[in-house]
Amino acid sequence: MVGIGFRKDFAEDFLNGNELAPFFIEVAPENWMNVGGFWKKKLKKALEKYPLYTHGLSLSIGSPDPLDFSFLKQVKSFLNETNAQIYSEHLSYSKCDNAHLYDLLPIPFTQEAVKHVAQKIQQAQDFLERKIAIEIVSYYTPIAPEMNELDFVNAVLTEAKCDLLLDVNNIYVNSFNHQYDPYRFIDELNIKNTAYIHMAGHRKVANDLIIDTHGEAIIDPVYDLFEYTMKKLKKDVPVLLERDFNIPELTELQTEMNHLQSIKNNVLNPVRYAVA
Amino acid sequence: MQLLNSTQQNQSAFANYCRTGKYSPIKGVIEKRAEHYRSLVYNIIDDTMQSALPLTFNLLTIEEWDRFVNDFFCQHNCRTAQLWRLPLEVHEFVISSNYYLQKKYPFFAELLWFEWLEVELFMMDDKPASFSLSGHILNNPLVINPEFHLQYFSYPIHTKVANDIKKEDKNHHFLALHREPESGKVLFTQLSPLLARMLEILGEGPRSINELLTITEKNKKTKEGVICFFENAIQSKLILGYKN
Ligand SMILES: [Fe+2]
């Protein structure tokens, strides 16, 4: 199964045409909950055709601030009303000192943060009565780290007993920006509870820096890392193509989705040749 | 459990840098890379404000706009988890901080409020209504579209380009905004004080035009004009129909 992020920029063309045929769509609850009128009609139309996966933006699971339960309550209603298959969020913080920043800031890789974040994930999971798939985010600088990224992520996954949203592009971006081997990272990452995969494009802005823009096509090294990841996973995990900016012709997005599906098919159901 | 001070303080310092753009060294942080966070965060706020507040953006000089975005983001703690609701907080910030631009543009807060109302009406959750399409224009109680808002302004911000509004334009301006049910578009209707009063009454519950005329103590002379207004309001779906 390969899905696509449902964007307002192409909602009309997507719903009226047949260039794009995803298995599911993904939205951020924050952009669609408590919304009526024009956009509610569009979402309703989309949900008549496609199952929904969700990817939150504002939960800020990594922030020092406590969880916002009134916000979570609205998310919970939205997930129930839309029969959302998955609720995923970022291993980052986007709110601090009671102020939202609307972007994904990196959590310090510390033991204190592991404990704090794991506890917040568990609280949120208990409240929502479902598992959350937590995504490893792209980050451009560490903040006061006491351990490396891999140990931090593995510790959170173990302590929080949550699912993993494995964004293969983010692993690639981080490995480039922080100079490690992405294959080794996948080898050593606790991928047992991978519930969801993200794939996206990025932009190299300097010789030593890639920014995770979601504004370009997926590049070959990321496809290769995806293939490697699928071989390790050996199970059919839903994959999402993220494209948030610089939207091309929908047929181009479908081509990328087909490519992802064919990599999956080849890994999961390899064609076996009879031995003569 | 609260985070131990160091982790929390570092997160707080980093977030503060992203909001203000003023960097003081944080352990482990690569300053050059941190700048990307600052510009990503700032651009999100700037883009959101530009697209939700196009009239205000056009009114201000580039310098005024940049300072406005910066002041708002530095000084105001954004509470909403939903970015589309941000313009409401921008308006709140201007009022509560008695923002300096109100001196140069006395209608500044009203303009922001007007822009927020349009966003809110376009985005807000659906409100159910029950009504019938058939009825007598004078005798049957009219059902107002529940997705409407009645607003009084002291400046003509909905009829004049913001740059042309003068101090002398200060007067009584009434406006109805409503969401057209099929298209979801937000429509604006200028109102006389009498019509504004009538819509206010309809907001409390269905009334017939005859009843509205009696309540507002108007005579036959105004009747024709009022009927004409409500016939148009039915067309534009400001009035949805008649009480069942
Ligand atoms: Fe992602």
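Some points to look at:
- Ordering B:Ser192, A:Val137, B:Trp84 by the projection of their Cα atoms onto the charge dipole of the protein assembly as shown, which places +1 on the Cβ of Lys and Arg and -1 on the Cβ of Asp and Glu, puts B:Ser192 at the extreme positive end.
- Straight-distance crosslink candidates among lysines, where the alpha carbon sits under 29 Å from B:Lys167 and sequence neighbours closer than 8 are dropped: B:Lys103, B:Lys104
- Residue-wise HN-Hα couplings along region A:166-175, as the Karplus relation 6.51 cos²θ - 1.76 cosθ + 1.60 with θ = phi - 60° gives them from phi, are 9, 8, 5, 5, 4, 5, 4, 4, 5, 5 Hz; Gly and Pro carry x.
- Shown for A:Tyr93, B:Tyr105: other C-beta atoms within 10 Å of each C-beta, ranked fewest to most, produce the order B:Tyr105, A:Tyr93.
- Which of B:Thr61, B:Thr48 has the fewest Cβ neighbours within 10 Å, and the rest in rising order: B:Thr61, B:Thr48
- Charge dipole magnitude, Cβ of K and R +1, D and E -1 - region B:88-155, Cα centre, debye nearest 20: 300
- Pairwise FRET efficiency - B:Glu204 versus B:Gln9, Cβ, R0 = 56 Å, nearest 0.05: 0.60
- Proximal aspartates and glutamates to A:Lys45, defined as alpha-carbon separation beneath 17 angstrom and excluding residues fewer than eight positions away on the same chain: A:Asp9, A:Glu12, A:Asp13, A:Glu19, A:Glu26, A:Glu81, B:Asp125, B:Asp126, B:Glu182
- Taking amide H atoms as placed 1.01 Å from N in the peptide plane, the amide H of A:Leu101 lies under 5 Å from those of A:Lys95, A:Cys96, each 5 or more residues away in sequence or on another chain.
- Positive minus negative residues near A:Ile25 (Lys, Arg vs Asp, Glu; Cβ under 10 Å): +1
- Above-threshold pairs, the threshold being 24 Å between Cα atoms, out of B:Lys185/B:Lys220; A:Lys76/A:Lys161; A:Lys49/A:Lys232: B:Lys185/B:Lys220; A:Lys49/A:Lys232
- Along the axis of the charge dipole computed for region B:125-179 (Cβ charges of +1 for Lys and Arg, -1 for Asp and Glu, origin at the Cα centre), the listed residues B:Leu138, B:Leu175, B:Ile157 are led at the positive end by B:Ile157.
- A simple count of charges around A:Phe10, restricted to other residues whose Cβ falls under 12 Å of its Cβ and scoring Lys, Arg +1 and Asp, Glu -1, yields -3.
- Going by neighbour counts of Cβ atoms within 10 Å, the residues A:Arg243, B:Arg38 line up, fewest first, as B:Arg38, A:Arg243.
- What the Kirkwood sum gives for region B:142-242 is a hydrodynamic radius of 14.4 Å, with every pair of different alpha carbons counted.
- Between A:Ser63, A:Ser94, A:Ser77, the Gaussian network model of chain A with springs among Cα atoms under 10 angstrom shows the greatest mean-square fluctuation at A:Ser77.
- Amide H contacts under 5 Å for B:Val143, placed H, 5+ residues apart: B:Leu240, B:Gly241, B:Tyr242, B:Lys243
- Placing +1 on each Lys and Arg Cβ and -1 on each Asp and Glu Cβ, with no other charges, gives region B:142-242 a dipole about its Cα centre of roughly 260 debye.
- The dipole here belongs to chain A: it is taken about the Cα centre, uses +1 on the Cβ of Lys and Arg and -1 on the Cβ of Asp and Glu, and is about 960 debye.
- Normalised by 2.2 N^0.38 Å, where N is the number of residues, the C-alpha radius of gyration of region A:50-129 stands at 1.10.
- Summing +1 for each Lys or Arg and -1 for each Asp or Glu among the other residues whose beta-carbon sits under 10 angstrom from that of A:Tyr196 gives -4.
- Principal semi-axes of the equivalent ellipsoid, √(5λ) from the alpha carbon gyration tensor of the protein assembly as shown, are 48, 29, 20 Å from largest down.
- Angle in degrees between helix B:62-75 and the longest Cα principal axis of chain B, rounded to the nearest 10: 80
- q = 0.15, 0.17 Å⁻¹: log10 I(q)/I(0) that the Debye formula gives for chain B, counting C-alpha atoms only: -1.05, -1.22
- Computed over chain A, relative contact order equals 18 percent, with contacts defined as Cα pairs under 8 Å that lie 6+ residues apart.
- Stokes-Einstein D in µm²/s, Kirkwood radius over Cα pairs - region B:40-81 at 20 °C with 1.002 mPa s viscosity: 201
- In straight-distance terms, cross-link reach from B:Lys27 covers every one of the aspartates and glutamates whose alpha-carbon lies under 20 Å from its own, apart from those fewer than eight places away in the same chain; here that gives A:Asp97, A:Glu112, A:Glu146, A:Glu149, A:Asp151, B:Glu35.
- Cα long-axis angle, helix B:193-204 against chain B (0 to 90 degrees, to the nearest 10): 80
- Choice from A:Lys264, A:Lys120, A:Lys192 with maximal GNM fluctuation in chain A (Cα, 10 Å cutoff): A:Lys192
- Applied to region A:145-150, the Karplus parametrisation 6.51 cos²θ - 1.76 cosθ + 1.60 on θ = phi - 60° returns per-residue 3J(HN,Hα) values of x, 10, 8, 8, 4, 4 Hz, with x for Gly and Pro.
- With each label modelled as a point 7 angstrom along the Cα→C-beta vector, the A:Asp9-B:Leu55 pair spans 2.9 nm.
- In this rough spin-label picture, where each label sits 7 Å from Cα along the Cβ direction, the B:Asn232-A:Ser77 distance is 3.7 nm.
Bear in mind these aren't lab numbers, they're just calculated from the coordinates by the rules spelled out. Just so it is clear, the structure is predicted and the values come from calculations on it, not from any experiment. Neighbour counts run over all protein chains shown; Cβ positions are idealised from the backbone, glycine included.
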